[in-house]
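J.: The structure follows.
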Amino acid sequence: MAEPLLPPVWILAGPEIGLKETFVADIIQKARRLGGDDPEIHRLYAGDSSSSDAISLLRNSSLFSSWVIVEFRNVEQLGQNADIAALTRYCGAPAEQTVLFLETEGYAAPKAIEKAVSAACRKTFFELFENELAGWVRRELAQSELSLDGEALESLLELVPHDTASLKAACLILSSSFSGGSALSAENVEAAILRSKPEDAFTLFEKIGQGELPLSLEVLDSVLDSRRGDANQIIAALVWSFRRLQRIGDAVARGERFEDACLREGARSKTVQRQLRAALQRSKPEDCRRIILALSETEAAIRGPLGTAFDRQLLHLLITSIITEKGRGLAIAGWSEQGIYPQFKM
């Protein structure tokens, strides 16, 4: 039996989404050259689709394309033995002029499927090391004739997740914001990236740190409405942020330079340092400790029997408490007795 023009089944594992997408794009390009036309491409997700859905697309050859390519993502979520068995059988006898990508952000597919796929067609895409990230970013920006100094690179890596898909998107933002030949500073990078970022729990922390109550509540509603974070995720991000702020405040109180404390906490960006300085002026370490307790109390209330129905209202009260009263107690600790919300009676 002749060797297939392209290996028909691949397992693509690992968290490095950008390099994985580049690999898939290369295979699609090879199929385009072999077939002389655009392949028919489908993307399915385990949990939303079954393995039989993917196999049907591969078995039923396209009327309009020479090749059929199916990306079946999140295969680690395949919980049914029948799904795994069906894919295992298909791997043993794949359809001609098709490519099936079995993708996971974990480090392995189900064992039965792994055994059915040649070792040469099992690839793991690891995140780049720190020293590799710098070279990757510089090469990407060089295509747009942009350069950046060491401080600007540090700012970029602090503001953007360390996968090449996110970094590529950030480089595209920079290339559309500055003309070729520009040498970017940290301020240039931060202004462009922060302007493009959607609001999230960390944007909310920034507004809280500035003491902007109406804007903080507006950002909170935006994050909840856009589903970029639920109540528990928002609280977790705020706890992390206020704990970091508390540690920086404690270090400064012991005589350490603010900038040195920020560097130790991984806050290298000048913009982030300015945000932390503004937040520290409003919330001293003892305030942070109270606010963290308030966050914990609110999380407990949300996990209670009525919490899910009133999570937005509880978060509104929480943010109001943090900004106006430095988090001095919540409902289950006796709001009205402590005078934080005298109009709110339990």
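The values are calculated or read from the model by the stated rules, or taken from the named source; none is laboratory data. Given the structure is predicted, the values throughout are model-derived calculations rather than measurements. Cβ: placed from backbone, ideal geometry, glycine included. Neighbour counts: every protein chain shown.
J.: Give just the number: which of (1) touching a residue at least 60 places away in the same chain (Cβ under 8 Å); (2) more than 21 Å from the chain's Cα centre (by Cα); (3) not assigned by TED's automatic domain parsing to the domain that holds V24 does R138 not satisfy?
T.: For R138, the exception is condition (1).
J.: Still on this structure, please answer the following. Looking only at the range 79-97, decide whether some residue is surrounded by 14 or more Cβ atoms within 10 Å (Cβ to Cβ), assigned by TED's automatic domain parsing to the domain that holds I113, farther than 18 Å from R122 by Cβ and touching a residue at least 40 places away in the same chain (Cβ under 8 Å).
T.: yes
J.: Sticking with this one: For the structure I just gave you, tell me whether S66 is within 20 Å of Q29 (Cβ to Cβ), outside any strand (DSSP E or B) and modelled with pLDDT under 90. Full working, then the answer.
T.: On the way: within 20 Å of Q29 (Cβ to Cβ): yes; outside any strand (DSSP E or B): yes; modelled with pLDDT under 90: no.
No.
J.: While we're here: Could you count how many residues in the range 188-211 are of a type in the set (G, A, S) and out of contact with any helix residue (DSSP H, G or I) (no Cβ under 6 Å at 6 or more places or on another chain)?
T.: As a first pass, look at the range 188-211 and keep what is of a type in the set (G, A, S): 191-192, 196, 201, 209, 211.
Next, only the ones that are out of contact with any helix residue (DSSP H, G or I) (no Cβ under 6 Å at 6 or more places or on another chain) stay: 191.
The qualifying residues number 1.
J.: Taking the residues in the range 208-244 that are within 17 Å of the chain's Cα centre (by Cα) and either of a type in the set (D, E, K, R) or outside the structural domain of D260 (by TED's automatic domain parsing) (or both) as candidates, determine which candidate is nearest to D287 (Cα to Cα).
T.: Residue satisfying both the conditions and the ranking: D230.
J.: Are any of the residues in the range 102-113 in contact with a helix residue (DSSP H, G or I) (Cβ under 8 Å, 6 or more places away or on another chain), free of Cβ contacts under 8 Å to residues at least 40 places away in the same chain, among the aliphatic types (A, V, I, L, M) and not assigned by TED's automatic domain parsing to the domain that holds L174?
T.: Step one: filter the range 102-113 for residues in contact with a helix residue (DSSP H, G or I) (Cβ under 8 Å, 6 or more places away or on another chain), giving 102-106, 108-110, 112-113.
Remaining after also requiring free of Cβ contacts under 8 Å to residues at least 40 places away in the same chain: 110, 112.
Keeping just the survivors that are among the aliphatic types (A, V, I, L, M) gives 112.
Checking the rest, the ones that are also not assigned by TED's automatic domain parsing to the domain that holds L174 come to 112.
Checked against the condition, which is being in contact with a helix residue (DSSP H, G or I) (Cβ under 8 Å, 6 or more places away or on another chain), free of Cβ contacts under 8 Å to residues at least 40 places away in the same chain, among the aliphatic types (A, V, I, L, M) and not assigned by TED's automatic domain parsing to the domain that holds L174, the range 102-113 yields at least one hit.
J.: Report, by residue number, each residue of the range 210-235 that is without any contact (Cβ under 8 Å) to a residue 24 or more places away in the chain and assigned to a helix (DSSP H, G or I).
T.: Once the filter is applied, which keeps residues that are without any contact (Cβ under 8 Å) to a residue 24 or more places away in the chain and assigned to a helix (DSSP H, G or I), the range 210-235 yields P214, L215, E218, V219, S222, D225.
J.: Going through A120, A169 one at a time, which residue ends up being in a helix (DSSP H, G or I), in contact (Cβ under 8 Å) with a residue 40 or more places away in the chain and out of contact with any helix residue (DSSP H, G or I) (no Cβ under 8 Å at 6 or more places or on another chain)? It would help to see each step written out before you state the result.
T.: Working: A169 fails: in contact (Cβ under 8 Å) with a residue 40 or more places away in the chain.
Just a single option satisfies the conditions, and that option is A120.
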